[in-house]
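See structure below.
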Amino acid sequence: MPAHVLLTWLGQHDLDAAFEKKEAGLGPIASALESGLYNRLVVLSNYDAEKSRLYCSWIEVMYPRVVTILYPVVLTSPTDYEEIYIACEGVLQQEESDDTELTFHLSPGTPAMASVWILLASGRSRARLIETHREEGLKEVRLPFDIFARYRPEKTLASHISAIDDALLPGSPAFDGIIHESAEMRRAVAKAKRAAVFEVPVLLLGESGTGKELFARAVHHASTRSSGPFIAVNCGAIPESLAESVFFGHAKGAFTGAVEMRPGYLEMADGGTLFLDEIGELSRDLQVKLLRVLNDRKLRRLGEDQVRELDFRLISATNRNLALDAARGRFRPDLFHRIAVGVIKLPPLRERGQDLPLLTRHICARLNREFSSTPGWQEKSLNPGAMRAIGRHHWPGNIRELINTLTRAFVFSGGTEVDETAIRDSLIDFDTSSDGLLDLPLGEDFSIEEIISRTAVHYLERAMKQAGGNKTRAAKLLGLNSYQTLSNWLERYGVEEDF
């Protein structure tokens, strides 16, 4: 027998009914259960935990044949669509199965909560919708149209997604590996979800260790190319003498050592996604050839006359200021504008304060799983001192540094507890006083303009962020005479003003 599940938010009228305010009657939830249609009740509540528990106890007394489940939810606001959507989606993942019939109750809670139920019923789950009235009782709500139909004359995923607000973007398993709660990362993930369904090049910007490849893989797996290959290439790790062969492939005998035919990375990505990490490290010659392939969607292997047609999606990533490099002639401007369509900036870990404890717990759980088969392994946890040490660190190496630090602490700590000393001993101190810009070797690759530019961009961005985008305050922080002087600096070094 299938479970007939009623999912609902807890509303004030429901609480009034439970606490014997006669004017409230039974309240919307109990009125729905009076129908006898449901044998399972799932209640989401952002009210006080004790009140919510007492309400569910009241329901259990009133309807002993109904299994009642309470999901406490913390909301910044009862009208925050994003938080409401995430809560509903999470509960659905727990409750939805092949042998359940779901109904969403629209009456309890805020209009924002009802709107999210409608969105989910029309798209993700195909659940029934009901509402209850004191005079009319329970009524099924029938939508006379697909809720998205008016926004998508052609029923494509891209037009479906483009029609809805970022806060209501549907969940995707492809993004589950991106652990986050911070507003900065929520914005980045929302952009990536949108970019995934459009056939546009994506450029990921961020410091080393911020998760650019993780985002690239998520975009690929959430796209229509998910069944095709995902080819990841570190452009900075390929010797220049081999780069053309590695990217474009070669025929047998095309050059000394070419003992067999070999396709290149571009050809291997056909039908899928090509991810070029650190694309700013490509030589000028290779940039020209890559641009030609992106424009023509055709290539020739080295040593061959045959033209091969290609169909791949390009995702690029860099920790450089590629716009500035293009403006100064270090990167081809035409290639930059070709690849920088869906631009997504990934924040460094030091700007994701509320994500740090979440990531730390996630990494610790993963390490305990990975080391569980090690002889004599004891599951470990961090004590409060260790967590404080982690919170105080600046994390210049971002998530990669956090993973490596915790791994060292787990490996070198005996017993079941990792303390503050273990974390401090596991941190690798870098001399960041000059951000690695002093005492660089002089020579052919040295550029004093680049050194000055990187320093200026660093402090301009810091000041604008600290000042909340207020130019007058930022100018004072930097010791500049006026906001107009600051504007000139921002323009000169290509720093955006939107902070």
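The values are calculated or read from the model by the stated rules, or taken from the named source; none is laboratory data. All of these numbers come straight from a predicted model, not from anything done at the bench. Note: ideal-geometry Cβ built from the backbone for every residue, glycine included; neighbour counts use all protein chains shown. SASA here: full protein model, heavy atoms, side chains in, ligands and nucleic acids out. Shrake-Rupley method; radii C 1.70, N 1.55, O 1.52, S 1.80 Å.
A few notes on this one:
- Residue in the range 200-215 that is touching a residue at least 12 places away in the same chain (Cβ under 8 Å), among the aliphatic types (A, V, I, L, M), at negative phi and open to solvent by 60 Å² or more (accessible area, probe 1.4 Å) present: yes
- Meets criteria (open to solvent by 50 Å² or more (accessible area, probe 1.4 Å) and out of contact with any strand residue (DSSP E or B) (no Cβ under 7 Å at 6 or more places or on another chain)) for Leu54: yes
- Long-range neighbours under 6 Å by Cβ, at least six apart or interchain, first residue within 20 Å of Arg350 (Cβ to Cβ) within the range 360-373, second at pLDDT 95 or above: Ile363/Ile403; Ile363/Leu406
- All positions within the range 115-148 that are aliphatic (A, V, I, L, M), surrounded by 14 or more Cβ atoms within 10 Å (Cβ to Cβ) and modelled with pLDDT under 90: Val116, Ile118, Leu119, Leu120, Ala121, Ala127, Leu138, Val141, Ile147
- Search result, residues across the range 59-78 that are modelled with pLDDT of 85 or more and either open to solvent by less than 60 Å² (accessible area, probe 1.4 Å) or within 26 Å of the chain's Cα centre (by Cα) (or both): Ile59, Tyr63, Val66, Thr68, Ile69, Leu70, Tyr71, Pro72, Val73, Val74, Leu75, Pro78
- All told, Leu437 meets the bar of being over 26 Å from His180 (Cβ atoms), at pLDDT below 95 and not small (Gly, Ala, Ser).
- Of the residues making up the range 301-332, those that are modelled with pLDDT of 90 or more and more than 23 Å from Ala216 (Cα to Cα) number 2.
- Here is the figure for the range 341-386: residues that are part of a strand (DSSP E or B) and farther than 30 Å from Thr273 by Cα total 2.
- Tally of residues being assigned to a strand (DSSP E or B) and surrounded by fewer than 16 Cβ atoms within 10 Å (Cβ to Cβ) across the range 303-340: 1
- Single residue of Val246, Val189 found to be modelled with pLDDT under 95, outside any loop (DSSP other than H, G, I, E, B) and open to solvent by less than 20 Å² (accessible area, probe 1.4 Å): Val189
- Only a single item in (1) within 27 Å of Glu34 (Cα to Cα); (2) modelled with pLDDT under 90 is not met by His105, and it is number (2).
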